Amino acid sequence: MSTYELIGNGIAAFLTLCIFSFLYKDNPFYKFAERLVAGVATGYFTMLLFWTNFQDKVWEPIFVNGQYHYIFPAVLGIMMWTRFSKKYSWVSRYSLAFYIGIGSGVSITVYLYTYLFKQLQATISMPLTADIAGFNTLLVVVAVLSALVYFFFSKPHTGLFGYVSKVGIYILMVGFGAGFGLTVMGRIALLVHRVIFLRDYLIALF
């Protein structure tokens, strides 16, 4: 490992230990590392957004290519900055109205198609066969229908309808538990990676 790598990895190891020090209690080392990460991330993404959004979607289309209709969204973006003014903060409501209205109109249809219709289509089109794959297909169909019944509030959840909705609750809990477990395992994997990094750095030093 070269000298520059030792110095760079030493800084990374120091900042890692600063973050880990919060496990003991809040301290100046943790605050320093936290603010350093926030500052570097803010500066990086500010420049990234400038060169990938403002430069390509505002400056060049208007002042280089002469596409003056881009002035309208640019003005709406500038109006968003009035949120920092107590006197003119109301101006930003027009930009927010455009953003939320257009965003909702686009995203709702996309989400319905990808997360509802396509999922139902895939569930219905799966063949039922007399093997393990067919049993898995049956489980998927029962799980989907039970979860949908649970979210059907136009009818009281009593009798057979209530039993099916209760199965839907269990299915949802299994799904949430699996998602939570996957998230926890991802965080543990990051922790293990940092511990291995610290171990390798100590080995490189000595």
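The values are calculated or read from the model by the stated rules, or taken from the named source; none is laboratory data. Please read all numbers here as calculations on a predicted model, not as lab measurements. We place every Cβ from the backbone using ideal geometry, glycine too, and count neighbours over all the protein chains shown. The accessibility values were calculated without ligands, DNA or RNA, using every heavy atom of the protein model including side chains. Shrake-Rupley method; radii C 1.70, N 1.55, O 1.52, S 1.80 Å.
Brief remarks on what is shown
- Dipole size of the range 1-103 about its Cα centre, with +1 on Lys/Arg Cβ and -1 on Asp/Glu Cβ: approximately 560 debye, rounded to the nearest 20.
- Surface accessible to a 1.4 Å probe, per residue, for the residues of the chain, Å²: 79
- Ignoring lysines fewer than eight residues from K118 along the same chain, the ones with Cα atoms less than 28 angstrom from its Cα are K155, K166.
- In this structure, F161 and A133 have a Cβ-Cβ separation that, at R0 = 30 Å, corresponds to a calculated FRET efficiency of about 0.50.
- Distance between the 7 Å Cα→Cβ label points at F206 and I108: 6.3 nm.
- Using all pairs of distinct alpha-carbon atoms, the Kirkwood hydrodynamic radius of the range 19-92 works out to 15.5 angstrom.
- Taking label points 7 Å from Cα along the Cα-to-Cβ direction, I71 and L148 give a separation of 5.1 nm.
- Tensor-based shape of the range 126-206 (alpha-carbon gyration tensor, a/c under 1.5 rounded, otherwise prolate or oblate): oblate
- Structure-based [θ]222 nm, the chain - -39500 (n - 2.57) summed over DSSP H runs of at least 4, per residue, nearest 500: -24000 deg cm²/dmol
- Distance from the Cα centroid of the range 111-157 to that of the range 20-55 is 43 Å (rounded to whole angstrom).
- Accessible surface of the range 33-90, 1.4 Å probe: 71 percent of it comes from carbon and sulfur atoms.
- Y94 versus K57: modelled label distance in nm, points set 7 Å from Cα along the beta carbon direction: 2.0
- Shown here for the range 106-196: chymotrypsin sites (Phe, Trp or Tyr not before Pro) in loop regions (DSSP other than H, G, I, E, B) with at most 10 other Cβ atoms within 10 Å, namely F151, F153.
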